[in-house]
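Heads up: the structure comes next, in structure tokens.
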Amino acid sequence: IGVGTYWIKSDLSGSTKTVTAQKMDYGLIGQFNGWGSDVDLTYNTTTRVWEKVVTLAPGGMLLRGNDNWDFKMGALSGSASDANLVANVPIKIKEGGADIQVQVTGTYKVIVDLNNSANYTLKIVPN
């Protein structure tokens, strides 16, 4: 395995055990871009987070790995407390989660922290 960020999946059930590693790049997709092509994030090797300055609009948004719906990440649930994204307040995200709801149009630095699988987060900071 080479240098990069990887999505590791294991299946330890049954008689055959498997572990797979998929090299990942992450991007955002959502109402702000008409659910078109992903806006690719850049990995910051110093802070160890994925980030990008993006102009967002109210509506749903998801994080995707490798421009692939098989690797979508969103809010823990669709409830306002889990999914509503406001400036400077990180929300927890998970694999297969609900749409993240952008509340206010603006240009933001989007910061995604995937370092701790028990606490993946996404936050926006006004730019």
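The values are calculated or read from the model by the stated rules, or taken from the named source; none is laboratory data. Computed from a prediction, not measured in an experiment: that's the story for all the values here. Cβ atoms come from the backbone with ideal geometry, glycine included; neighbour counts cover every protein chain shown. Surface accessibility is based on the protein's heavy atoms, side chains included, excluding ligands, DNA and RNA. Shrake-Rupley method; radii C 1.70, N 1.55, O 1.52, S 1.80 Å.
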| Does at least one position in the stretch 37-46 carry a residue that is small (Gly, Ala, Ser) and at pLDDT below 95? | yes
| What about Ile100, is it of a type outside the set (D, E, K, R), open to solvent by 30 Å² or more (accessible area, probe 1.4 Å) and at pLDDT 95 or above? | no
| field | Checklist (1) in contact with a Ser or Thr (Cβ under 6 Å, 6 or more places away or on another chain); (2) farther than 18 Å from Lys123 by Cβ; (3) touching a residue at least 24 places away in the same chain (Cβ under 8 Å); (4) not basic (Lys, Arg) applied to Val19, failing item | value | (3)
| Residues of the stretch 79-97 satisfying the condition of being of a type in the set (Gly, Ala, Ser) and surrounded by 15 or more Cβ atoms within 10 Å (Cβ to Cβ) | Ala83, Gly97
| request: Report, by residue number, each residue of the stretch 96-118 that is touching a residue at least 24 places away in the same chain (Cβ under 8 Å) and of a type in the set (A, V, I, L, M). | output: Ala98, Ile100, Val102, Val104, Val110, Ile111, Val112, Leu114
| Just one of Gly34, Gly60, Gly106, Gly27 is modelled with pLDDT of 95 or more and within 22 Å of Trp7 (Cα to Cα); which is it? | Gly27
| Within the stretch 1-51, which residues are open to solvent by 40 Å² or more (accessible area, probe 1.4 Å), touching an Asp or Glu at 6+ places or on another chain (Cβ under 9 Å) and either within 24 Å of Ala80 (Cα to Cα) or of a type in the set (Gly, Ala, Ser) (or both)? | Gly4, Gln31, Ser37
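Being of a type in the set (A, V, I, L, M, F, W, C) and at positive phi narrows it down to one of Trp69, Trp50, Trp35, so name that one. Let's see the steps before the verdict.
Working: Trp69 fails: at positive phi; Trp50 fails: at positive phi.
Of the residues listed, the single one that is of a type in the set (A, V, I, L, M, F, W, C) and at positive phi is Trp35.
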| Condition check for Ala75: modelled with pLDDT under 95 and hydrophobic (A, V, I, L, M, F, W, C) | no
